[in-house]
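The values are calculated or read from the model by the stated rules, or taken from the named source; none is laboratory data. What you see is a predicted model; the values in this text were computed from it and never measured. Note that each Cβ is placed from the backbone with ideal geometry, even for glycine, and that neighbours are counted across all protein chains shown.
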Amino acid sequence: KRPRPRRCLPVIPQGIERSRFFFAIDELSSQLGNENVEVNDKPLDDGWYMEPPNTHDGMAITDEEELVASAVVYPGSTDDVQKIVHWANKYLIPLHPISMGRNFGYGGAAPRVRGAVVIDLGKRMNKILDINPDDSTCLVEPGVSYYALYEEVQRRGYKHLWIDVPDLGGGSVLGNALDHGVGYTPYGDHWAMHSGLEVVKPTGEVVRTGMGALPGNNTWQVFPYGFGPFIDGIFSQSNYGIVTKMGFGLMPNPGGHESFLYTFEKEDDLEQLVEIVRPLRIAMILENAANIRHALQVLALSGKPRSAFYGGEGPFPREKMNEYLKNHPYGACTWLYFGTCYGPKETRQLKLDIIHRQFMKVPGARRIDPKVLPPSDYFWSRDKIASGEPDLEELAWVNWRPNGGHIAFSPVAPTRGVDALRLWQMAKKHWIASGLDFFLDFVVGLRELHLIVECVYDRDDLKQRSTALEVMRFLIDEAAQKGYGEYRTHLLLSDQVAGTYSWNDNALMRFNEKLKDCLDPNGILAPGRSGIWPARYRGRGWEV
Ligand code: ADP
């Protein structure tokens with residue numbers, strides 16, 4: 001924890017006088033209760049994963065004070081959220097909703113507009129409103145984490161139900177789905193598995209989508225589309241509404257599962273491997289999101305810092321990586337494939353055999369027998385996650401650098417060998433040029449893969465921070481020149497990424513802006529999120 005010098009005065013959002021801002025804050029406090037409105041006048045504390053700050057980004061890539069909240073408010077109900085929205089419209093104060101603020105690598109809890117009031121939905125709106133054991137569905141509020149949902153399913157003794165969890169289980173089920181996060185059971189596409197939203201519009205009205213619009217319905221969580229245009233999409237990765245409830249389908253327990261690990265020796269093996277993965281994944285013989293990782297991450301997952309392996313600067317030397325892996329049960333290699341098959345033994349064995357035959361076509365491929373792996377091995381963390389049990393093991397690699405922070409570059413490509421290789425070569429070039437280390441993970445959803453490049457930096461090293469941000473910018477531009485775009489990005493890179501989706505004279509952004517101005521005429525909700533600026537801000541120097 002690194003407390004900073006005390007700041008006596010909170011940041012005030014632009015366009016409002018200090019005295020009027022405090023007058024407005026007093027008014028909101030009288031509506032929500034003093035204990036539910038907190039002015040941000042304390043030193044910024046970065047916390048850590050389990051205690052993430054809600055005032056700023058705990059892994060700030062620029063000056064912490066740049067993207068900082070003026071105040072944080074804690075609604076206890078949808079009604080409270082409406083009050084906050086009405087208040088913001090009255091005083092023209094920007095709002096920034098978060099569920100739990102664990103969006104690490106993409107900006108954490110930080111607002112894009114300095115001085116925005118953060119709505120921390122998760123603190124008080126954290127109820128599991130329903131788990132339906134017959135329909136295999138649930139309905140949750142923003143503050144429900146994967147851990148909480150998992151524990152509640154266990155507590156109720158629903159052995160026939162699984163949940164799906166991402167790499168880290170502490171985040172919000174609702175928030176992760178809104179940002180298109182993924183997990184590793186066959187229900188890993190979180191957004192695709194949702195059914196039904198409750199949304200507070202930027203002007204304060206509440207909408208329920210899908211079947212939720214039909215009074216007295218019992219189908220909100222089982223049929224997502226309802227009647228008429230399917231509007232749910234406009235509330236994901238956007239600033240068109242504050243989502244206060246969200247429903248999901250839950251996976252039935254498949255009656256058994258078995259995880260497997262293969263290693264591949266050479267960098268260029270990636271091409272052949274991805275060609276093998278595509279038809280198997282589309283046919284669902286590979287049943288969960290493929291997870292093809294660069295082996296450097298194994299060193300970092302040991303929890304030991306980089307300096308324990310290599311004292312020099314510049315990109316981590318390949319020989320040092322092999323030296324360590326030679327004595328590791330995985331052996332020297334470049335790529336690791338973590339996967340899982342589901343079903344009773346006889347069902348999954350059929351699939352495991354096909355996968356084995358196909359993967360072994362890559363010269364030098366090896367299957368690692370899980371029986372030789374100690375219980376502390378990272379493989380077992382993947383196994384837990386792939387069977388819907390939340391875990392935190394993935395945090396270990398952040399300690400690669402002292403005061404470790406990370407920022408992600410996440411381009412999407414078809415699941416084709418040439419594309420994977422092209423992305424790898426591009427990432428490698430910038431990895432070496434930057435002198436920082438990259439952890440790479442090719443995640444194959446179904447027909448598409450997204451590469452997640454995590455660049456790790458020391459948060460106290462200004463040079464490393466600026467290099468990390470700069471290299472992200474190079475990667476986004478070069479990827480766009482080659483026809484690749486990101487599926488998600490850090491809030492400071494949103495304008496740049498949005499700018500790459502420019503077909504037909506930026507028709508998509510013009511459409512987004514039109515929607516924004518219509519739904520949020522005063523431009524109070526999360527200005528700049530996903531590069532969408534309301535009219536009041538547009539073209540006035542906010543874009544970066
Ligand atoms: P997590 O919930 O995974 O801890 P966040 O709360 O930081 O992560 O959510 C990720 C991003 O999604 C936020 O920065 C915010 O822009 C958006 N977001 C999260 N929750 C909501 C919500 N309930 N309504 C609208 N946008 C949200």
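The rows are residues; the columns are (1) touching a helix residue (DSSP H, G or I) at 6+ places or on another chain (Cβ under 7 Å); (2) aromatic (Phe, Trp, Tyr); (3) surrounded by 14 or more Cβ atoms within 10 Å (Cβ to Cβ); (4) within 24 Å of Asp377 (Cα to Cα).
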site: Ile282; (1), (2), (3), (4): no, no, no, no
site: Arg306; (1), (2), (3), (4): yes, no, yes, yes
site: Gly311; (1), (2), (3), (4): no, no, no, no
site: Phe338; (1), (2), (3), (4): yes, yes, yes, yes
site: Pro344; (1), (2), (3), (4): no, no, no, no
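Restricted to region 127-139, and to residues there that are more than 16 Å from the ligand (Cβ to nearest atom) and in a loop (DSSP other than H, G, I, E, B), the residue that is farthest from Thr489 (Cα to Cα) is Asp134. Only a single item in (1) more than 30 Å from Pro411 (Cα to Cα); (2) modelled with pLDDT of 95 or more is not met by Lys42, and it is number (2). Note on region 396-418: residues that are buried (at least 18 other Cβ atoms within 10 Å of the Cβ) and farther than 18 Å from Asp477 by Cβ total 9. Restricted to region 223-246, and to residues there that are over 27 Å from Gly523 (Cα atoms) and crowded, with 18+ Cβ neighbours inside 10 Å, the residue that is nearest to the ligand (Cβ to nearest atom) is Pro224. Among the residues of region 256-275, none qualifies, meaning not one is in contact with a strand residue (DSSP E or B) (Cβ under 7 Å, 6 or more places away or on another chain) and within 12 Å of the ligand (Cβ to nearest atom). Taken as a whole, the structure leaves Gln221 outside the set of residues that are assigned to a loop (DSSP other than H, G, I, E, B), under 24 Å from Pro75 (Cα atoms) and either of a type in the set (Val, Ile, Thr) or modelled with pLDDT of 95 or more (or both).
Of all residues assigned to region 269-290, at least one qualifies as being within 20 Å of Arg367 (Cβ to Cβ) and of a type in the set (Gly, Ala, Ser). Taking region 165-180 as the range and being surrounded by 24 or more Cβ atoms within 10 Å (Cβ to Cβ), in a loop (DSSP other than H, G, I, E, B) and within 8 Å of the ligand (Cβ to nearest atom) as the test, only Gly171 passes.
A quick yes/no check of all residues on (1) within 20 Å of Asp495 (Cβ to Cβ); (2) modelled with pLDDT under 95; (3) of a type in the set (A, V, I, L, M):
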{"residue": "Glu66", "(1), (2), (3)": "yes, yes, no"}
{"residue": "Asp79", "(1), (2), (3)": "no, no, no"}
{"residue": "Lys83", "(1), (2), (3)": "no, no, no"}
{"residue": "His86", "(1), (2), (3)": "no, no, no"}
{"residue": "Ile93", "(1), (2), (3)": "no, no, yes"}
{"residue": "Phe104", "(1), (2), (3)": "no, yes, no"}
{"residue": "Gly108", "(1), (2), (3)": "yes, yes, no"}
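Scoring Gly314 on the criteria (1) modelled with pLDDT under 95; (2) on the phi < 0 side of the Ramachandran plot leaves a single failure, condition (2). For region 497-524, filtered to residues that are free of Cβ contacts under 8 Å to residues at least 24 places away in the same chain and polar (S, T, N, Q), the residue that is farthest from Arg538 (Cα to Cα) is Asn504.
Looking only at residues in region 140-164 that are in contact (Cβ under 8 Å) with a residue 60 or more places away in the chain, assigned to a loop (DSSP other than H, G, I, E, B) and within 12 Å of the ligand (Cβ to nearest atom), the one that is surrounded by the fewest Cβ atoms within 10 Å (Cβ to Cβ) is Glu141.
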